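Let me begin by presenting the structure, written as structure tokens, before commenting on it.
What follows draws every value from the coordinates through simple rules; no lab data is involved. Values in this document were obtained by computation on a predicted structure and should not be read as measured data. Note: ideal-geometry Cβ built from the backbone for every residue, glycine included; neighbour counts use all protein chains shown.
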Amino acid sequence: MEELKKKILSALEDKNIKHKSLNHLATVLSSMLKESEEDTLSCLKELEREGEIFSFARNRYTTSKKLGLVKGKLSVTQNGYAFVINETKDIFIPKKDMSGAFDGDIVLCKVILPRKNARKSEGKIVRIIQRDSDDLVGTIYLEGKIRYILPDRKKVRVDVMGDTLGAKSGDKVVFDIVGYKSTSVVARVVEVIGSLKDKGNDIKWLLKQYKVKRDFDESTLKQARAISQQVDRTRYSERRDLSGTTLFTIDGIDAKDLDDAVSIKAHSDGTYTLGVHIADVGEYVRLDTPLDKEAFDRGTSIYFLDQVIPMLPVELSNGICSLNEGVERLALSVIMHIDKDGEVIDSEIFESIINSKHRLNYDEVQMLLDGDKETRNRLKDIAHDLDVMHKLSQILMTRRKRLGSSDFDIPEGEVIVDADGRPIRIEKRCATDATRLIENFMVVANETVARTFEKMKVPFVYRVHERPDSEKMHTFYNFVENLGVSVHTSSEEVYPIDLQKILDSVKGDNVESVVNMVMLRSLKKARYFETCLGHFGMALDYYCHFTSPIRRYPDLCIHRIIKEYLHGNNSFIKSREMADFVSRASIQSSAREKVSEDVERAITDYKKVEYMERFVGEDFEGIISSVTPRGFYVELDNTCEGMVSLSSLKDDFYFYNEETLSLSSPSGNSYRIGEKVQVKVVSCNREMRRVDFEIIKKIKK
């Protein structure tokens, strides 16, 4: 049937077929394609349900593509407008053109030709193909006999039917839609979250908003609990025994899912042997088992504040798959022979048994590298190894810079909370030699694995980052030139080295963080894909994610392929079944990565707003981080960001200049990205995750 559907779409694309009805179209097409009329009609109805064909006049059908309609999932923002998320582009949908669609619905939208000063891709929803059947979240209001919900993602009143499960007016609730009337939507309450003032409800509410579940189902837990927490050597006699090799883990101080360990050896000819040893999760999580299906659905672990929602149950993520100190574990090892220029001369990938000698954290490794005698003495058995690793890391970093890898140095604000989940401070986290050491080692391992398997031409999940759009780059170049930064490009085509030169030129400048952010926004988003397209940001021709199978599904997926190859199952690797699975895993992993990023950002932003509530009325200095037609955003030194709205600028009349990303007035006043300003905290809205500032003055350089 799928093949017939493709033939039908091709026929409708190529020819203007005259017909009086869908039944008549089936008759015409069945004769043309030499297929049964019954099957053709069935396929046509299915294509219509899926939004692939569309009736553009009375009983007149063609493909949605031919009509310029775009199919995608609707993502509604906190401000009420939305985007239709498509594989190739995102289309902005104004509030007035939502046509009754809700967040998560699959829709068809018509792309409107850009108007002056309009967004480049703006559309109007013309049909709701499939309603989102998942639970929605909103605030319930009880006013006598009137009971209704205002959904978080769409401020349209929803009438409540049935029991409210004890919810109080103003509580957050989970609901599902049970019907649609001409003038209203009818829903029923399925869960009461409660007041956001109560401990833990804010996190619970945000997770529900993004449809993230914490708990594993019973079949998954049953399989996880049945796995032994010790390695049975008798079962793995063919593995290479590295349990006597000096190797260790380096992670964050609070990390519990330790999936990578490293080893090193320096040679007299100036070369190095680097070992990157990754937890062999694929040995325990087999394809199509409950554990695998759950991991596929989740796609990734989600980290926020002091919590984690793991991709795999703790029996694996913190237990048998975690490379804990002093215990034997199964691993996939990548041994690389690296020359003095950071190039991999030779490499080998194999299954191993390892035993981590130390569980190190970034802070103590940095202290050792900085010359702290106490730390060096405590770690004297591996101090030399760490010195050698540091030297190799610098060589690899030099190679990355030589290739043009974009090194974005954007400090992250980590919100520290107390036992009740209240934010008590925000700490800026910057890259250190210790964190870069592990990053450089993981990058070269990922590159080596991707290169090895791309040469074999087998199905594989690659991490790809495509070349940016020339139009966006032109806008970015204009922006940095307006900041006084010189742009010297190699040619009309954008190369990574050109961007790295710009980042180097603003190092240590006031505008460094802003240039980093604007450049990042100008680039395409990295994703998972079954074809090796290279990684523009890293300036690499080959790249994948191999090093974190405990917390990322694409890593687990390629571990399986590697293990099948190592066991000689080439026919299975090259099968249609494996190719289809790789394609599905790539799409799912990219989608779940976005959800994870959105959740982590939402929770961090919520807690930052909560933290800033104590400073309402106080003044701060900050840098203008972005400018929009509605005003500009200011980022404080603590990484909290707030908005100065256009309506609050009373001293002059300002208009938005898209070319210079600034607000300007006829009298010459202006606000530009990168300028230092003093602002007052006016208000904080946790639910909207918004801080409002008022401008006090510009700060002269």
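Structural remarks
- Packing-based ranking, highest mean first, of 6-17, 517-528 given that Cβ atoms within 10 Å are counted: 517-528, 6-17
- In the chain, helical runs assigned H by DSSP with n ≥ 4 each contribute -39500 (n - 2.57); averaged across all residues and rounded to the nearest 500, the mean residue ellipticity at 222 nm is -9500 deg cm²/dmol.
- Here Lys697 is the anchor, and the lysines within straight C-alpha reach of less than 21 Å, apart from those fewer than 8 places off in the same chain, are Lys650, Lys676, Lys680.
- Mean Cα-pair separation over length for the chain, i.e. relative contact order, pairs under 8 Å, 6 or more apart, %: 9 percent
- Once C-alpha pairs closer than 8 Å and six or more residues apart are averaged by separation and normalised to the residue number of region 290-365, the relative contact order reads 22 percent.
- Of the DSSP H helices in the chain, those whose Cα atoms cover at least 27 Å axially and whose Kyte score averages -1.0 or more: 383-403, 433-456, 576-612
- The label-point distance for Ser486 and Asp509, in a model that sets each label 7 Å from Cα toward Cβ, rounds to 1.1 nm.
- Inter-part distance where region 361-431 and region 242-313 are each reduced to a Cα centre, Å: 18 Å
- Selection from His358, Thr398, Ser347 lying farthest towards where the dipole of region 289-436 points positive, charges on Cβ: Thr398
- Ignoring lysines fewer than eight residues from Lys172 along the same chain, the ones with Cα atoms less than 22 angstrom from its Cα are Lys145, Lys154, Lys155, Lys197, Lys199, Lys204, Lys208, Lys211, Lys213, Lys607, Lys608.
- Label point distance in nm, Glu466-Lys6, each placed 7 Å from Cα along Cα→Cβ: 2.1 nm
- The modelled label-to-label distance between Arg233 and Lys124, using points 7 Å beyond Cα along the C-beta direction, is 7.4 nm.
- Straight-distance crosslink candidates among lysines, where the alpha carbon sits under 22 Å from Lys501 and sequence neighbours closer than 8 are dropped: Lys401, Lys472, Lys524, Lys525
- Remark: relative contact order (region 366-499) = 25 percent; criterion is Cα-Cα distance under 8 angstrom and separation of 6 or more residues.
- Think of the chain as a dipole: +1 on every Lys or Arg Cβ, -1 on every Asp or Glu Cβ, centred on the Cα centre; then among Ile561, Ser99, Ile438, Ser99 lies furthest on the positive end.
- Euclidean distance of C-alpha centroids, region 658-689 and region 539-574, integer Å: 47 Å
- The P(r) of the chain has a tail past 43 Å containing 34 percent of all C-alpha pairs.
- The chain - charge dipole about Cα centre, Lys and Arg +1 at Cβ, Asp and Glu -1, debye rounded to 20: 2540 debye
- The charge dipole of region 616-698, taken about its Cα centre with unit charges on the Cβ of Lys, Arg, Asp and Glu (plus for the first two, minus for the last two), comes to roughly 120 debye.
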